[in-house]
């Protein structure tokens, strides 16, 4: 149980275009989803926390107008990278927590590798 | 100063060796502690939680020293399949903070 999927697993896009990444909890209701970014040889950095039905909370230094997060249902959150640039190329990973027994553990999706050319 | 600090390694060890990783954290209000394992180009996977009393899971032993804000992971009888990056992770209020990871390479 507690499976999180992400789509797409990798994407290549041209500079200036927007890319949407989906994160789904497949077998549980995710009240909270987290979006991370990981550059090569660096740690995962939390970008934002989203609770179902409310606006995401962004970490300091993360542009909320550039990284649009929507968490409209208990099983789906999306991250849209708007007007992507080469420096946005990174590994984007989502995680989710649910209710009750799952409350304190985050389940990670397999990640999405974004390359902006 | 980083909130969670780890030696990046790599640690190169032969099969069967015992290897230890250390981690320090700066936020004394941190509530929970974990070791995750991350394989190349994959998501992190929970290896084990870390408790003040110390805990063991097969070949893996984790220790926490709250007074020193120090966490350790000991791997005994290393296997080739243990080659990965080991992430020290600390939880504050709802958020996980990841160290940069320590890379382990186990060779035949």
Can residue A:72 be described as surrounded by fewer than 19 Cβ atoms within 10 Å (Cβ to Cβ) and either assigned to a strand (DSSP E or B) or at pLDDT 95 or above (or both)?
yes
I'd like the full set of residues that are away from chain A (no Cβ under 14 Å) and surrounded by 13 or more Cβ atoms within 10 Å (Cβ to Cβ), limited to the range B:1-14.
B:11, B:12, B:13
If I ask for residues that are surrounded by 13 or more Cβ atoms within 10 Å (Cβ to Cβ) and touching a residue at least 60 places away in the same chain (Cβ under 8 Å), which ones from the range B:16-26 would you list?
B:17, B:19, B:21, B:23, B:25
Does the range B:44-63 contain at least one residue that is closer than 19 Å to residue A:105 by Cβ, surrounded by 21 or more Cβ atoms within 10 Å (Cβ to Cβ) and within 14 Å of chain A (Cβ to nearest Cβ)?
yes
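Every residue, every condition in (1) touching a strand residue (DSSP E or B) at 6+ places or on another chain (Cβ under 9 Å); (2) under 19 Å from residue B:101 (Cβ atoms), yes or no:
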| residue | (1), (2) |
| --- | --- |
| A:32 | yes, no |
| A:37 | yes, yes |
| A:48 | yes, no |
| A:54 | yes, no |
| A:60 | no, no |
| A:68 | yes, no |
| A:90 | yes, yes |
| A:96 | yes, no |
| A:106 | yes, yes |
Positions within the range B:70-106 being surrounded by 13 or more Cβ atoms within 10 Å (Cβ to Cβ), over 14 Å from the mean Cα position of the chain (by Cα) and away from chain A (no Cβ under 14 Å), in sequence order
B:78, B:105, B:106
When you look at residue A:10, is it loosely packed, with under 15 Cβ neighbours inside 10 Å and under 30 Å from residue B:6 (Cβ atoms), yes or no?
yes
Give the range A:90-113 a look and list any residue that's surrounded by fewer than 19 Cβ atoms within 10 Å (Cβ to Cβ) and either at pLDDT below 95 or not in a strand (DSSP E or B) (or both), or say none.
A:99, A:100, A:101, A:102, A:103, A:104, A:105, A:110
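Among the residues of the range B:52-77, what is the count of those that are part of a loop (DSSP other than H, G, I, E, B) and either touching a helix residue (DSSP H, G or I) at 6+ places or on another chain (Cβ under 7 Å) or under 13 Å from residue B:21 (Cα atoms) (or both)? Explain how you work it out, then say what you get.
Taking the range B:52-77 as the starting set, the residues that turn out to be part of a loop (DSSP other than H, G, I, E, B) are B:52-54, B:58-59, B:66-69, B:76-77.
So of that shortlist, the ones also either touching a helix residue (DSSP H, G or I) at 6+ places or on another chain (Cβ under 7 Å) or under 13 Å from residue B:21 (Cα atoms) (or both) come out as B:76.
Of the residues in that region, 1 qualify.
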If a residue must be touching a residue at least 12 places away in the same chain (Cβ under 8 Å), outside any strand (DSSP E or B) and surrounded by 14 or more Cβ atoms within 10 Å (Cβ to Cβ), how many such residues does the range A:30-45 contain?
3
Residue count, the range B:1-48 (criterion: at pLDDT 95 or above and at positive phi)
1
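The values are calculated or read from the model by the stated rules, or taken from the named source; none is laboratory data. Since the model is a prediction, treat every value here as computed from it, not as a measurement. Backbone-built Cβ (ideal geometry, glycine too); neighbour counts: all protein chains shown.
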